[in-house]
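What follows is a short report on a single structure.
The values are calculated or read from the model by the stated rules, or taken from the named source; none is laboratory data. Computed from a predicted structure; not experimentally measured. Counting neighbours? That spans all protein chains shown, and the Cβs are built from the backbone with ideal geometry, glycine included.
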Amino acid sequence: MKNIIAIVFAALGLLIIVIGHFHYENKLSEINERATKAIEMSNEENEKDDSDKDTVDNTPSSDDDTESTNKEEEDSSNKTAENDGDDSTEDDGSTGEGENESRLTDEQIAWMVANLPEQLQKKVIKKLFYSETIKIVAMGSESTSPEDTGWPALLGEELISAYGENTFEVTVASFGKKNSMEVVNEAMYEVVYDLNPDIIIFEPFMFRDNGTVRVEHTLENLTTIINDITTELPDVSFLIQPSHPIYNAYWYPKEIEALQAYAEEMNYTYLNHWTAWPDHQTREIFPYLNEDGSAPSEKGHETWAAFLNEYFIASE
């Protein structure tokens, strides 16, 4: 009799899990469909606006008429913005209990996470749906600064500004001037376990390894760190990025290329923030680095953060 009861409870538990999973998948599908429709409507409106603008531009008018028209358009735009704000208060796109109570609609969230890998998009949407905080750990060397002016803090501020309070939390795990060999030998990365992040933005000590650790050993250490962390935290998502660029280097850029090739081969997302910096072979890079080039300057951190902001907060 006890066995029968246990089987019944187990079956009911399994049924509840299946139903919950089915509901969530349907919700994600619904959000994606609504986002797609919203994007199409937005494109149509933009095309219509461009067409209307061309018509107005081609119509001769006096300066007074032009100023009057612009004033009317500005007033109309302000009224529309106010009305849109009222509408968002009445209907924020939420459709069920436990959903994110922010002012963002499902379509807006789907737009904003569009740059992320598909699985990470689902993770973020699910967390926001259930009003859970998405935990990000920025892990790396002194380039991954814990200071208020460092790129992790700047990224955290922008995420909160875009998605709302209590949506994202950025924590820094910086190992200063340690190279990858020292970090692995001392198992320093294990501090991440207790942080239990959803996402790790990993800057794997490329600058510190330059000239001290051969690049093939750097990549081996990178593999060790990722494997150990994912064994302990199987649901964590890794995003790989290089350390900061330095002036007029020869071998260092080649090592960064090897890192990018590794990330692509292992199917990790590679955040190539170097594309946002000035040419590192020219003196234009100087204002973006500290005096000895061992870390970004405040301007460098701002540039780095701006790149990541665009990645995590896609524009419509």
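Only residues that are of a type outside the set (A, V, I, L, M, F, W, C) and in contact with a Gly (Cβ under 7 Å, 6 or more places away or on another chain) were counted in the range 244-271, giving 2. Restricting the first member to the range 239-257 and to residues that are on the phi < 0 side of the Ramachandran plot, and the second to residues that are basic (Lys, Arg), the beta-carbon pairs closer than 8 Å and six or more apart or on different chains are Ser243/Arg208; Tyr247/Arg283. Note down all Cβ pairs under 6 Å where the first residue falls in the range 277-289 and is assigned by TED's automatic domain parsing to the domain that holds Ala249 and among the acidic types (Asp, Glu), the second is modelled with pLDDT of 95 or more and part of a loop (DSSP other than H, G, I, E, B), and they're at least six residues apart or on different chains. Short answer, once both residue conditions are applied: Glu284/Pro278.
Rundown of residues vs (1) of a type in the set (Val, Ile, Thr); (2) free of Cβ contacts under 8 Å to residues at least 60 places away in the same chain; (3) within 17 Å of His273 (Cα to Cα); (4) not in a helix (DSSP H, G or I), yes/no style:
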| position | (1), (2), (3), (4) |
| --- | --- |
| Glu132 | no, yes, no, yes |
| Ala138 | no, no, yes, yes |
| Pro146 | no, yes, no, yes |
| Glu157 | no, yes, no, no |
| Val170 | yes, yes, no, yes |
| Val183 | yes, yes, no, no |
| Tyr189 | no, yes, no, no |
